[in-house]
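**Q** Okay, handing you the structure first.
The values are calculated or read from the model by the stated rules, or taken from the named source; none is laboratory data. Values in this document were obtained by computation on a predicted structure and should not be read as measured data. A quick note on method: Cβ atoms are made from the backbone with ideal geometry, for glycine too, and the neighbour counts reach across all protein chains shown. These area figures cover heavy atoms from the full protein model, side chains too; ligands, DNA and RNA do not enter into them. Shrake-Rupley method; radii C 1.70, N 1.55, O 1.52, S 1.80 Å.
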Amino acid sequence: MSVFYVPAVNLIGRGVVNEIGGHIKELGYKKALLVTDHFIASSDILTKVVAPLDAEGIDYVVFKDVEPNPTCKNVYDGLAVLKDNDCDFIISVGGGSPQDAASCISVMATNDVTPQELEGLHKSANKGLPVVAINTTAGTSAEITINYVITDEERKVKMVMVDKNSLALMSVNDPELMLSKPADLTAATGMDALTHAIEALVTPGAYDVTKKLSIGAIELIKEYLPRAVANGQDIEAREAMVNAIFLGGMAFNNAGLGYVHSMAHQLGAVYKLPHGVCCAMILPIVEKENAKRVPAAFRNVAKALGLHVEDKSDQECADYAIAEIEKLSETVGIPKKLTELDIKEEEFDFEYLSKNALIDACAPGNPFMPTLEETIAFYKELF
Ligand SMILES: [Fe+2]
């Protein structure tokens, strides 16, 4: 038996943001804590989001202090604004960071817990405050998933929460909100989406429904991510990427992720690197090892990436898939080595990052559990 989580209402397509006011009015909510970041708060994205709220007389208070890797402080600050203003629901506007912060605020609003107590699997007792999750990047798929990540700034670790009580009530994926995203962000978030789809396809947690969703996501990303990176105004490519993250998000939300994410979380937490860049750099390293353990799983990956697999061996499929991942990464401009990001090998704390990767909540989803020594070796390949 498998449980499939997805928000109850999902708006997808060009211009759907204009319809949010009517949907929220129908649901009966009165005043939102609007969770976002400084960049979006000063851009025309916020104007596009609040116009339909104003038109329907829905009140909101803006909390714009979410940082790129949201911290416990961000969450507590947002929660205080929510309580001070008697908000009865949350609207999150952004990519992964505002979505993750909003998920944590939502659960803490209805459960008397600290963020640390929420780390792990389904740790809250009560359903979170309703969230309308408006996505602005393609993407983390955070607007449709039950996972979120909060950085414990004191311990310098990313805490992964998997909690059905954090699932948004409504997701909004409008490609028109993504047209202004710069090429490097488009590339990083797109490679994050590819990582989700691939990890969800090779994990033992995958089942027929999630496999089809992953395959669909990979096909779209391979074809449309380079176009979206080359020309941000390419609305057809942006729309295809929205469809890809919706498919891939549903896949990993229900099948799980793996060790690429476990390692990427640590790299992001210590060096404050974009999550998608960390995933893209680690993806071929971990998948090469996964392919040795579950080569048959890579037939689907290779097929989705364009290989005619019928007369090929499992190993040929795996080799092709990994070469295609590396090619796509290079095409969209992801760095190959950490030295390109001014990170020095002699200052890199291999043991600290590796130990935290081993206990990351995504690790059990991987086809095999690496040792500490193997994890250190994987990080060394980044230099
Ligand atoms: Fe991710």
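**Q** For the stretch 11-58 and the stretch 337-383, write down the distance between their C-alpha centroids in whole Å.
**A** Computed from Cα coordinates, the inter-centre distance equals 40 Å.
**Q** Let me ask something additional. Assign one of three labels to the stretch 108-172, namely rounded, prolate or oblate, based on the Cα gyration tensor with a ≥ b ≥ c the square roots of its eigenvalues; rounded applies when a/c is under 1.5, prolate when it is not and a/b is larger than b/c, and oblate otherwise.
**A** On the way: a/c = 2.15, a/b = 1.24, b/c = 1.74.
Verdict is oblate for the stretch 108-172.
**Q** In terms of the Cα gyration tensor, with a ≥ b ≥ c the square roots of its eigenvalues, is the stretch 183-380 rounded because a/c is under 1.5, prolate because a/b exceeds b/c, or oblate? Walk me through the intermediate numbers first.
**A** Details: a/c = 1.62, a/b = 1.17, b/c = 1.38.
Oblate shape, in that a/c is at least 1.5 and b/c is the bigger or equal ratio.
**Q** What number, in percent, do you get for the relative contact order of the chain if the mean sequence gap of Cα pairs under 8 Å and at least 6 apart is divided by its residue count?
**A** Numbers: 792 pairs, mean separation 59.4, N = 383.
Relative contact order of the chain: 16 percent.
**Q** As an exercise, take the mean of 1/r over every pair of distinct alpha carbons in the stretch 225-300, invert it, and state the Kirkwood radius in angstroms.
**A** Details: mean 1/r = 0.0695 Å⁻¹.
About 14.4 Å, per the Kirkwood formula over Cα pairs.
**Q** Same structure, new question: Using amide H atoms built 1.01 Å from N in the peptide plane, name the residues 5+ places from D59, or on other chains, whose amide H lies under 5 Å from its own.
**A** Close amide H contacts, sequence-distant or interchain: A32.
**Q** Measuring from the lowest to the highest alpha carbon on each principal axis, how far does the chain reach, largest first, in angstroms?
**A** 60, 45, 43
**Q** Here's a follow-up. Run through all the Cα pairs of the stretch 281-371 and give the fraction in each 5 Å bin from 0, expressed as whole percent.
**A** 2, 12, 18, 18, 18, 17, 9, 4, 1, 0
**Q** Another question about this same structure. Between the alpha-carbon centers of the stretch 91-165 and the stretch 271-332, tell me the distance in whole angstrom.
**A** Between the Cα centre of the stretch 91-165 and that of the stretch 271-332, the gap is 29 Å.
**Q** Stretch E351-S43 to full length: gain in nm at 0.36 nm per residue minus the Cα-Cα span?
**A** Values: separation 308, 0.36 × 308 = 110.88 nm, distance 4.10 nm.
Full extension of this stretch gives 106.8 nm more.
**Q** If you don't mind, there's one more thing I want to ask. When only DSSP loop residues count, what trypsin sites (Lys or Arg not before Pro) in the stretch 235-303 have their Cβ near at most 16 other Cβ atoms within 10 Å?
**A** Working: sites: R238, K272, K288, K292, R293, R299, K303; in loops: K272.
For trypsin sites (Lys or Arg not before Pro) across the stretch 235-303 that sit outside H, G, I, E and B with at most 16 neighbouring Cβ atoms in 10 Å, the list reads K272.
**Q** When ranked by the protection proxy of mean other Cβ atoms within 10 Å per residue, highest first, what sequence do the peptides 126-138, 162-174, 106-118 form?
**A** Values: 126-138: 25.2, 162-174: 23.2, 106-118: 18.5.
Ranked by mean Cβ neighbours within 10 Å, highest first: 126-138, 162-174, 106-118.
**Q** Here's a follow-up. Among 184-196, 21-33, how do they line up by average Cβ neighbours within 10 Å per residue, starting with the highest?
**A** Working: 184-196: 26.1, 21-33: 17.2.
Top to bottom by mean Cβ count within 10 Å: 184-196, 21-33.
**Q** May I pose another question? Once you've got the Cα coordinates, tell me which of K156/K181; K303/K337; K272/K355 are over 25 Å apart. Don't skip to the end; give the middle numbers.
**A** Values: K156/K181 28 Å; K303/K337 28 Å; K272/K355 18 Å.
Check vs 25 Å cut-off fails for K156/K181; K303/K337.
**Q** In vacuo Debye scattering of the stretch 143-281, one point per C-alpha: log10 I(q)/I(0) at q = 0.09, 0.14, 0.20 Å⁻¹?
**A** -0.26, -0.65, -1.27
**Q** Ranked from highest to lowest mean number of other Cβ atoms within 10 Å per residue, what is the order of the peptides 220-228, 250-258, 43-51?
**A** Details: 220-228: 21.9, 250-258: 26.7, 43-51: 16.9.
For the peptides 220-228, 250-258, 43-51, the packing ranking is 250-258, 220-228, 43-51.
**Q** I've got another one for you. Does the stretch 1-114 come out rounded, prolate or oblate, given a ≥ b ≥ c as the square roots of the eigenvalues of its C-alpha gyration tensor, rounded meaning a/c under 1.5 and, failing that, prolate meaning a/b above b/c? List each step's numbers first, then the result.
**A** Details: a/c = 1.36, a/b = 1.15, b/c = 1.18.
Verdict is rounded for the stretch 1-114.
**Q** Also, I was wondering about something else. Where the accessible area of the chain is counted over protein heavy atoms with a 1.4 Å probe, how much of it, in %, is carbon and sulfur?
**A** On the way: 7940 of 15040 Å².
Result for the chain: 53 percent of the exposed heavy-atom area is carbon or sulfur.
**Q** Pairwise over distinct Cα atoms, reciprocal of the mean inverse distance: report the Kirkwood radius of the stretch 99-211 in Å, one decimal place.
**A** Details: mean 1/r = 0.0654 Å⁻¹.
After inverting the mean inverse Cα-Cα distance, the result is 15.3 Å.
**Q** If you take every residue apart from A304 with its C-beta less than 12 Å away from the C-beta of A304, what net charge results, scoring Lys and Arg +1 and Asp and Glu -1?
**A** Here the charged neighbours net out to +2.
**Q** Taking every DSSP beta bridge with both residues inside the chain, roughly what % is antiparallel (nearest 5)?
**A** About 20 percent, rounded to the nearest 5.
**Q** Right, another one. Please provide three numbers in whole Å: the alpha-carbon extents of the stretch 36-178 along the principal axes, with the largest listed first.
**A** 39, 30, 24
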